[in-house]
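*Asks:* Dumping the structure here so I can ask a few things about it.
The values are calculated or read from the model by the stated rules, or taken from the named source; none is laboratory data. As the structure is a prediction and not an experimental result, all values here were calculated from the model. Heads up, the Cβs are rebuilt from the backbone with ideal geometry, glycines too, and the neighbour counts pull from every protein chain shown.
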């Protein structure tokens with residue numbers, strides 16, 4: 001299964017009736033669809049040298065917030081914007097998963113899904129080398145030479 | 001006499017600074033002769049009023065009857081300076097920086113209140129801002145964000161960090177802006193954030209929209225009390 005599959009799950013949940021728990025889960029799945037695809041793009045396009053420096057042996061070693069840092073660190077505006085999108089999605093997702101004070105509506109779920117669709121479209125359009133470069137650059141800035 | 005920031009078509013922020021007289025910019029406050037603004041600031045800060053930087057961007061508590069007419073104009077200009085150019089305040093002699101304090105949570109709003117569309121910060125959020133030296137960036141955000149999301153209620157809130165993850169700061173925008181339009185405005189705000197030197201804030205901010213705000217607070221209109229004079 002790949003990350004994009006979760007977008008379908010998010011849509012299913014959004015359409016499952018008047019159920020805030022389903023809306024919350026839809027927001028969460030929409031984020032994960034983006035996170036998993038972004039993480040795969042970053043890992044597979046980053047140099048081995050940089051990954052070794054940061055002890056990133058597999059995709060699972062890349063956390064949520066550091067992935068946002070990678071994208072936002074890019075000198076390519078389109079890649080940087082993807083980092084902003086991802087930051088927006090993760091914030092919305094943390095509300096959906098943990099913040100029971102706010103109300104998550106059907107519109108919130110729809111917004112998250114729309115945002116995720118836009119993100120995945122844009123992610124597929126940007127040069128993947130730029131994403132790998134942004135990740136490597138961030139690692140070299142933040143990790144000392146072993 | 002209005003103060004504010006506006007978003008130009010290019011996405012850049014343009015500051016509209018108030019004028020004491022038509023030709024005199026707020027930047028000239030430090031060199032003004034009479035009334036001596038330096039002495040005036042001394043009075044305002046040390047004797048007659050309480051200034052508290054809390055959540056806000058700024059709350060000025062004063063119930064002094066002298067605060068009318070020309071004094072009020074000076075006060076408004078000073079307020080504007082603090083709001084728009086907090087880094088310049090330290091350059092004025094015989095003044096002190098307003099405290100960033102969460103201790104005045106029970107401060108009563110009295111005659112003057114300069115506030116924004118923001119919900120008050122939680123102590124946890126204020127602590128996060130303090131620890132990362134993000135106070136000025138938070139003030140900047142509180143001034144700037146309402147211009148990008150006009151009419152929306154806003155909230156800065158610390159998001160829960162998961163194991164091994166860094167904390168993120170949420171800017172919740174309570175509104176009903178379409179997804180594409182919201183994204184455009186968010187990107188414009190991020191661009192200005194970087195261009196105006198708030199990179200550290202940029203690295204931790206998560207800006208997203210919520211349709212329904214939780215109960216228990218109301219949006220204050222921008223400069224409501226001051227402009228109602």
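*Asks:* Can you tell me which of (1) under 22 Å from residue B:163 (Cα atoms); (2) more than 16 Å from the chain's Cα centre (by Cα) is the one residue A:110 doesn't meet?
*Replies:* (1)
*Asks:* What number of residues within the stretch A:105-115 are surrounded by fewer than 24 Cβ atoms within 10 Å (Cβ to Cβ) and either at the interface with chain B (Cβ under 7 Å from one of its Cβ atoms) or in contact with a strand residue (DSSP E or B) (Cβ under 6 Å, 6 or more places away or on another chain) (or both)?
*Replies:* Total satisfying the criteria: 3.
*Asks:* Now for a different question. For residue B:160, work out the one condition from (1) buried (at least 16 other Cβ atoms within 10 Å of the Cβ); (2) touching a helix residue (DSSP H, G or I) at 6+ places or on another chain (Cβ under 6 Å); (3) outside any helix (DSSP H, G or I) it doesn't fulfil.
*Replies:* Evaluating residue B:160 over (1) buried (at least 16 other Cβ atoms within 10 Å of the Cβ); (2) touching a helix residue (DSSP H, G or I) at 6+ places or on another chain (Cβ under 6 Å); (3) outside any helix (DSSP H, G or I) leaves (1) as the failure.
*Asks:* To continue, here is another question. The conditions are (1) modelled with pLDDT of 95 or more; (2) more than 10 Å from chain B (Cβ to nearest Cβ); (3) surrounded by fewer than 20 Cβ atoms within 10 Å (Cβ to Cβ), and residue A:118 fails exactly one of them. Which is it?
*Replies:* For residue A:118, the exception is condition (2).
*Asks:* Same structure, new question: Residue check: is residue A:52 over 24 Å from residue B:194 (Cβ atoms) and either buried (at least 18 other Cβ atoms within 10 Å of the Cβ) or out of contact with any strand residue (DSSP E or B) (no Cβ under 8 Å at 6 or more places or on another chain) (or both)? If you could, list the steps in order and put the result at the bottom.
*Replies:* Working: over 24 Å from residue B:194 (Cβ atoms): yes; either buried (at least 18 other Cβ atoms within 10 Å of the Cβ) or out of contact with any strand residue (DSSP E or B) (no Cβ under 8 Å at 6 or more places or on another chain) (or both): yes.
Criteria met by residue A:52.
*Asks:* Hey, can you tell me all the residues within the stretch B:203-216 that are within 17 Å of residue B:146 (Cα to Cα) and either at pLDDT 85 or above or surrounded by fewer than 17 Cβ atoms within 10 Å (Cβ to Cβ) (or both)?
*Replies:* As a first pass, look at the stretch B:203-216 and keep what is within 17 Å of residue B:146 (Cα to Cα): B:205-211, B:213.
If the condition is that a residue be within 17 Å of residue B:146 (Cα to Cα) and either at pLDDT 85 or above or surrounded by fewer than 17 Cβ atoms within 10 Å (Cβ to Cβ) (or both), then B:205, B:206, B:207, B:208, B:209, B:210, B:211 are the ones that fit.
*Asks:* Continuing with the same structure: Within the stretch B:171-182, can you find the residues that are more than 7 Å from chain A (Cβ to nearest Cβ) and not in a loop (DSSP other than H, G, I, E, B)? Step through it out loud before you land on a result.
*Replies:* Here is the first cut: in the stretch B:171-182, the residues more than 7 Å from chain A (Cβ to nearest Cβ) are B:171-178, B:180-182.
Within the stretch B:171-182, B:171, B:172, B:173, B:174, B:180, B:181, B:182 meet the criteria.
*Asks:* Looking for whichever is surrounded by 16 or more Cβ atoms within 10 Å (Cβ to Cβ), in contact (Cβ under 8 Å) with a residue 12 or more places away in the chain and closer than 27 Å to residue B:188 by Cβ here; the options are A:36, A:123. Which one fits?
*Replies:* Of the residues listed, the single one that is surrounded by 16 or more Cβ atoms within 10 Å (Cβ to Cβ), in contact (Cβ under 8 Å) with a residue 12 or more places away in the chain and closer than 27 Å to residue B:188 by Cβ is A:123.
*Asks:* So which helices (runs of 4 or more DSSP H) stay within the stretch A:20-104 end to end and still have 1 or more residues that are at the interface with chain B (Cβ under 9 Å from one of its Cβ atoms) and modelled with pLDDT under 95?
*Replies:* Qualifying helices (runs of 4 or more DSSP H): A:77-98.
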